[in-house]
Amino acid sequence: MKKIHQINSRKQNAMHFKEQVRLSPSRDHQRSERKKNFKLGGSEIINAPESLDLIQGSEILCHSFFDNLRESLLLDPACIYLSFKNTKVIKATAILVVYSIIDQAREINNARTKISIIWSKKAQRVNKTIIETGVFLRSKEREKMIDSAPSLPIIMGDNSRASELSDRIVDYILDDDHYKGASAEKEQEISSAIQETVENVGRHAYPDTENHEDKKWWFTCDRIGENLFIVIYDAGIGIPSSLSENNAVMLARVNQLYPSEYSGCTKESIESDSKADKLKAIINIKFLRKALSDEQLIRAAMHVDITSTDLDQHGQGSKSIKGLITKNENSFLLMLSNYGFYRYSESEEDNENSVSHSEFKIPGTLIQWSL
């Protein structure tokens, strides 16, 4: 029976991966770019943009690169070249998505494509980032490097090993030069935020996946100057899509922030045993989902409501995730999920100015802390 669940989970994930390619808003641009792609020794060259940055770079160029890579890997060629020849900037959020695309192709579709690299001629920092993150080696090879590499490569985890891997990651952050001198309180905050985020992957990101080994997430961290950046990504359904008649915590937060849109979706009707009320709740949720944007739903999911513990034992998860952020101007939280973007900072008011909408979809949820 367990084997059947594993096969079904992998089939669902494979379909999800192919759907990401089919529904991508950048596919028209991607098709024109693919026509321009050159070949080296018969292998396709996929060109990275000048700025591989999801926050300040060109969205259409970044997503075209992602989709171009997905579509190429679906064909499982013997080799492809990722060209960073003209790339000047690579940010952690974007490189994490690149690794997730490659790892999913290998893990889900059994792609055996060799990933070769054309190095940047514009910025040695770009080449250094590629080397430090694991030069696109397979996930198991990168994981072996945790205890020996001078920097942490990008780690692919899953929820069957969530506790083990999150402990190793936290130990790496605290024992290395990343966060020396952290107080016991700060150590606990880092541990809680990472563990809560990883556990959320298991609870919400892959609702149709029964096998915990198929609930994948990716992690990286890096110190740049005085700031420590921690980034976690999952390729699940995304925070906005986790809104359901069964998610009482999120519904309570939506009601508090957006009472007019909340409409008739009351806690009483959701908890009712009546089939009619259950059906009404499901219909109301669909209307509510259309009434609110992805970015509003992300903000609602992260809203800290002290009464939510009455609804669910995990009601304070957003508090743990936000808890790492201090009043320092360089300390902030970024969240990208589906078409929504949310930024949280202790020095800025949390309101509608904290969110924005993207034309392009990030499948799943991407979280970055700057400490």
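Per-structure values
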| read-out | value |
| --- | --- |
| Matching helices (runs of 4 or more DSSP H) fully within segment 264-352 where at least 1 residues are buried (at least 17 other Cβ atoms within 10 Å of the Cβ), at pLDDT below 80 and of a type in the set (V, I, T) | 267-271, 275-291 |
| Boolean, E44 is acidic (D, E), at pLDDT 95 or above and not in a helix (DSSP H, G or I) | yes |
| Residue ID - nearest to L371 (Cα to Cα), chosen from residues in segment 327-357 that are touching a residue at least 24 places away in the same chain (Cβ under 8 Å) and among the hydroxyl-bearing types (S, T, Y) | S331 |
| Filter result (in contact with a helix residue (DSSP H, G or I) (Cβ under 9 Å, 6 or more places away or on another chain) and either of a type in the set (A, V, I, L, M) or assigned to a helix (DSSP H, G or I) (or both)) within segment 103-122 | D103, Q104, A105, R106, E107, I108, A111, I115, I117 |
| Breaking point among (1) touching a residue at least 40 places away in the same chain (Cβ under 8 Å); (2) open to solvent by less than 10 Å² (accessible area, probe 1.4 Å), for F65 | (1) |
| Unmet requirement for I232, which otherwise passes all of (1) within 23 Å of A92 (Cβ to Cβ); (2) in a loop (DSSP other than H, G, I, E, B) | (2) |
| Residues of segment 114-135 classified as surrounded by 20 or more Cβ atoms within 10 Å (Cβ to Cβ) and either over 23 Å from V89 (Cβ atoms) or not β-branched (V, I, T) (or both), total | 2 |
| Output for segment 136-156, where each listed residue is more than 20 Å from E213 (Cα to Cα), surrounded by 14 or more Cβ atoms within 10 Å (Cβ to Cβ) and among the polar types (S, T, N, Q) | S151 |
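The values are calculated or read from the model by the stated rules, or taken from the named source; none is laboratory data. Everything numeric in this text was worked out from a predicted model, so none of it was measured. No Cβ is skipped: glycine too gets one built from the backbone with ideal geometry, and neighbour counts run over all protein chains shown. Note: areas computed on protein heavy atoms with side chains; ligands, DNA, RNA excluded. Shrake-Rupley method; radii C 1.70, N 1.55, O 1.52, S 1.80 Å.
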